[in-house]
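Take a look at the structure set out below.
The values are calculated or read from the model by the stated rules, or taken from the named source; none is laboratory data. Quick caveat: nothing in here was measured; it's all calculated off a predicted structure. So basically every Cβ, Gly included, is an ideal-geometry build from the backbone, and we count neighbours across all protein chains shown.
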Amino acid sequence: MIEVVDLEVSYGRSRKPVLRNVNAVFDCKSLVLGPNGSGKTTLFRALCGLTSIRRGRILVDGLDVERIYAKTGLIMVNFPEVLSLLPVKIHDLISLYADLAGGDEAFAYRVLADLGVGEEILRSRRLHELSAGQLKAVCTAIALSAHAKHVLLDEPFEQLDPARKSRLIRYLADYDGIIILNTHETWLVRSLEDWRAFFMFEGILYGPVLVRELLEARFSLREEANPIMRMMVSGRAVSLVKDGGGRPLLSLESLDRVYELALEGERG
Amino acid sequence: MTRYFTLSLKTALTRPELIFWAIIFVEFWILMWAYVFGVYIPAHEEAVKDYVSTAYGGLTILSLSATATTIAYALIHSSKSIKFVTKYTRLSPSRFMVENAVSSITVLLIVSAIMFASMIIVFWHRFGLLVLPHNPPGLFAATLLSAVFLYAFSSFLSLLIVVLRAPRSASFIAFVPLMLGFLAYASLWIDFRIIAYISPFNCISSLFYHYYSGKQPVTGGIFMPGDKELMDTMLTASSLTTWTITLLILDIILLRRMRGVGIEEIRIV
């Protein structure tokens, strides 16, 4: 379980926080939905103790994340920058992380075969020589193959075609552990009904709510009564409601469109 | 040892920058010393021995400092992932330091061995004389101490870039070992006097010369006419040892400070 208490994060000497007053408990498979630039990746970096925390604390299985060292199998991520320990061929990289994180090489190869990354690519290329889609697939396969208790997946579906997306969904659904996945795409909601969802806008985390409640949910640019969730977007109150007015969440495709809607609302 | 050790060693030894700057480039100068500059060396044993020992001291420091530069560069480029692997894999911070140090020192020793073998073979071919070191255990000990120093110096530079959040300086700072190596090489023409004891790179070059030739090294200006000041070998070795211990302590302090630096601040340029 990952517990976040009153978290505030800012970069460098900047006083403007990237994450503000984040409170959450991640004790089951969860989605973090939000537009690009909303702070999802920063939240993930903070969850595994890779970024400096200005205020608050993060506990992973009761341990302060800042004090965690050499805890094999506790957390794994799919950030390419943290999987670039050595500039070796992908084949060697898989074996390196399998050895260091106690992972399963065969499982990684199986995931990669399903995601369309062939043996030849794995034997001949390094991480920085892969296309964006292959890079995501390799990093996600390494992260899942570690069989860690908590797996943080940053936009794992980006650049994957629909067939590969559905194959990856199967692995996520079958995974025996806590997956926390962030994305700006809303189609995922249809496939992961049993998960829980958080929303993130402008560094603030909202939720959780059951994913199945989002299937019929609508975004309204007004402060509605009895909303599923009320959020602030570009200084404007936005409600997520079960029925009534507004745009169906699933019709947005990408949550980046929420900003467009907010702008339209301001004009009209 | 984990798979990190073997892969780190393999990566370092196959790095094109290391192969070119630390080996091929210096091999070119070995050939120059043997077949171009060497034509002025009188063909008697003592003169040849002294010439080969001088070449060994001067050229090996160039090769090792080029290796140190590639080590610093590799550490800078993996600094983002070091933070993660030391938290969530069996490569704890201390284990990482040990495995990284052992693989880097092994690389430095392998490069030294290549230089040693090349010089013996090339100078034997040129002069028809097999010039072996006067004190092999002493030379090995000096090489080992130099390798530890150069590793400590490389990691100090890369950790400094991370802790000072100065990624723009990375390209420049990684080349500091090579620049200091060339300064030590300049002692063939310039008498550095007291600086010869202060600069660890000059100390390495002098110790290599001492154990190879069995003679006292000088503070510099070897190829220049006039009286030369002899160096105290014990003082030279003590200076290098002090530098090594100081840098290792600084490495540990910087490694602790690195924990407070977020990975988004470790930009790589």
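I need the full set of residues from region A:62-71 which are outside any helix (DSSP H, G or I) and either over 23 Å from A:T140 (Cβ atoms) or in contact with a Pro (Cβ under 8 Å, 6 or more places away or on another chain) (or both), in order please.
Listed by number, the residues that qualify are A:G62, A:L63, A:D64, A:Y69, A:A70.
Quick one: in region A:158-180, which of the residues that are out of contact with any Leu (no Cβ under 7 Å at 6 or more places or on another chain) and not in a helix (DSSP H, G or I) is surrounded by the most Cβ atoms within 10 Å (Cβ to Cβ)?
Checking each candidate, the answer is A:I178.
Residues of region A:61-72 being surrounded by fewer than 20 Cβ atoms within 10 Å (Cβ to Cβ) and either closer than 18 Å to A:A24 by Cα or within 16 Å of the chain's Cα centre (by Cα) (or both), which ones?
Listed by number, the residues that qualify are A:D61, A:G62, A:L63, A:D64, A:E66.
Among A:I75, A:I2, which is more than 11 Å from every other protein chain (Cβ to nearest Cβ), farther than 16 Å from A:I204 by Cβ and surrounded by 19 or more Cβ atoms within 10 Å (Cβ to Cβ)?
Going through A:I75, A:I2 in turn, just one is more than 11 Å from every other protein chain (Cβ to nearest Cβ), farther than 16 Å from A:I204 by Cβ and surrounded by 19 or more Cβ atoms within 10 Å (Cβ to Cβ): A:I2.
Which residue is surrounded by the most Cβ atoms within 10 Å (Cβ to Cβ), if the candidates are limited to region A:19-37 and must be among the hydrophobic types (A, V, I, L, M, F, W, C) and more than 14 Å from chain B (Cβ to nearest Cβ)?
For region A:19-37, the residue satisfying everything is A:V32.
Can you name the number of the only condition in (1) crowded, with 20+ Cβ neighbours inside 10 Å; (2) in contact with a His (Cβ under 9 Å, 6 or more places away or on another chain); (3) within 14 Å of chain B (Cβ to nearest Cβ) that A:L122 fails?
A:L122 satisfies every listed condition except (3).
Could you list, in sequence order, the residues of region A:2-44 that are touching a Gly at 6+ places or on another chain (Cβ under 8 Å), in a loop (DSSP other than H, G, I, E, B) and either polar (S, T, N, Q) or more than 30 Å from B:L164 (Cβ to Cβ) (or both)?
Residue satisfying the conditions is A:S38 alone.
Can we say B:S158 is within 25 Å of B:S112 (Cα to Cα) and under 16 Å from the mean Cα position of the chain (by Cα)?
In short, yes.
Mind listing whichever residues of region B:39-97 are of a type in the set (V, I, T) and surrounded by fewer than 19 Cβ atoms within 10 Å (Cβ to Cβ)?
Within region B:39-97, B:V39, B:I41 qualify.
Within region A:103-118, count every residue that is farther than 24 Å from B:S78 by Cα and touching a Phe, Trp or Tyr at 6+ places or on another chain (Cβ under 8 Å).
2
Does A:T140 meet the test of being in contact (Cβ under 8 Å) with a residue 40 or more places away in the chain and either within 22 Å of B:F5 (Cα to Cα) or not hydrophobic (A, V, I, L, M, F, W, C) (or both)?
Answer is yes for this residue.
For region B:63-101, enumerate the residues that are away from chain A (no Cβ under 14 Å) and either under 19 Å from A:C48 (Cα atoms) or out of contact with any Ser or Thr (no Cβ under 9 Å at 6 or more places or on another chain) (or both).
B:S65, B:A66
Within region A:150-157, identify whether any single residue is within 25 Å of A:R196 (Cβ to Cβ), within 14 Å of chain B (Cβ to nearest Cβ), in contact with a Cys (Cβ under 9 Å, 6 or more places away or on another chain) and among the charged types (D, E, K, R), and answer yes or no.
Yes, some residue in region A:150-157 is within 25 Å of A:R196 (Cβ to Cβ), within 14 Å of chain B (Cβ to nearest Cβ), in contact with a Cys (Cβ under 9 Å, 6 or more places away or on another chain) and among the charged types (D, E, K, R).
Of the residues that make up region B:216-235, is at least one more than 22 Å from B:I161 (Cβ to Cβ), in a helix (DSSP H, G or I) and out of contact with any helix residue (DSSP H, G or I) (no Cβ under 8 Å at 6 or more places or on another chain)?
Checked against the condition, which is being more than 22 Å from B:I161 (Cβ to Cβ), in a helix (DSSP H, G or I) and out of contact with any helix residue (DSSP H, G or I) (no Cβ under 8 Å at 6 or more places or on another chain), region B:216-235 yields at least one hit.
Under 28 Å from A:A148 (Cα atoms), modelled with pLDDT under 95 and not in a helix (DSSP H, G or I), is that true of B:L75?
When the stated conditions are applied, B:L75 does not pass them.
Is region A:81-91 home to any residue that is more than 7 Å from chain B (Cβ to nearest Cβ), in contact (Cβ under 8 Å) with a residue 40 or more places away in the chain, touching a Ser or Thr at 6+ places or on another chain (Cβ under 9 Å) and of a type outside the set (G, A, S)?
Yes, region A:81-91 contains at least one residue that is more than 7 Å from chain B (Cβ to nearest Cβ), in contact (Cβ under 8 Å) with a residue 40 or more places away in the chain, touching a Ser or Thr at 6+ places or on another chain (Cβ under 9 Å) and of a type outside the set (G, A, S).
Of the residues B:F223, B:F208, B:F201, only one is of a type outside the set (A, V, I, L, M), at pLDDT below 95 and closer than 24 Å to B:I120 by Cβ; which?
Just one listed residue meets the conditions, B:F223.
Would a scan of region B:202-213 turn up a residue that is among the polar types (S, T, N, Q) and touching a Phe, Trp or Tyr at 6+ places or on another chain (Cβ under 7 Å)?
yes
Under the condition of being of a type in the set (S, T, Y) and modelled with pLDDT under 95, which residue from region B:90-114 is farthest from B:A22 (Cα to Cα)?
Looking at the filtered set, the residue picked out is B:S92.
Just one of A:K40, A:K16 is basic (K, R) and surrounded by 20 or more Cβ atoms within 10 Å (Cβ to Cβ); which is it?
Unique residue meeting the criteria: A:K40.
For region B:207-259, how many residues meet the condition of being in contact (Cβ under 8 Å) with a residue 60 or more places away in the chain and not basic (K, R)?
Residues flagged as in contact (Cβ under 8 Å) with a residue 60 or more places away in the chain and not basic (K, R) within region B:207-259 amount to 22.
When you go through A:R110, A:R55 one by one, which is the residue that is surrounded by fewer than 19 Cβ atoms within 10 Å (Cβ to Cβ), more than 8 Å from every other protein chain (Cβ to nearest Cβ) and modelled with pLDDT of 95 or more?
After applying the criteria, what remains is A:R110.
Given the criterion exposed (fewer than 15 other Cβ atoms within 10 Å of the Cβ), in a helix (DSSP H, G or I) and modelled with pLDDT of 95 or more, identify the matching residue among B:A141, B:A152, B:A147.
Matching residue, one of B:A141, B:A152, B:A147: B:A141.
So which residues in region A:148-188 are in contact with a strand residue (DSSP E or B) (Cβ under 9 Å, 6 or more places away or on another chain) and hydrophobic (A, V, I, L, M, F, W, C), if there are any at all?
A:A148, A:V151, A:L152, A:L153, A:F157, A:L172, A:I178, A:I179, A:I180, A:L181, A:L188
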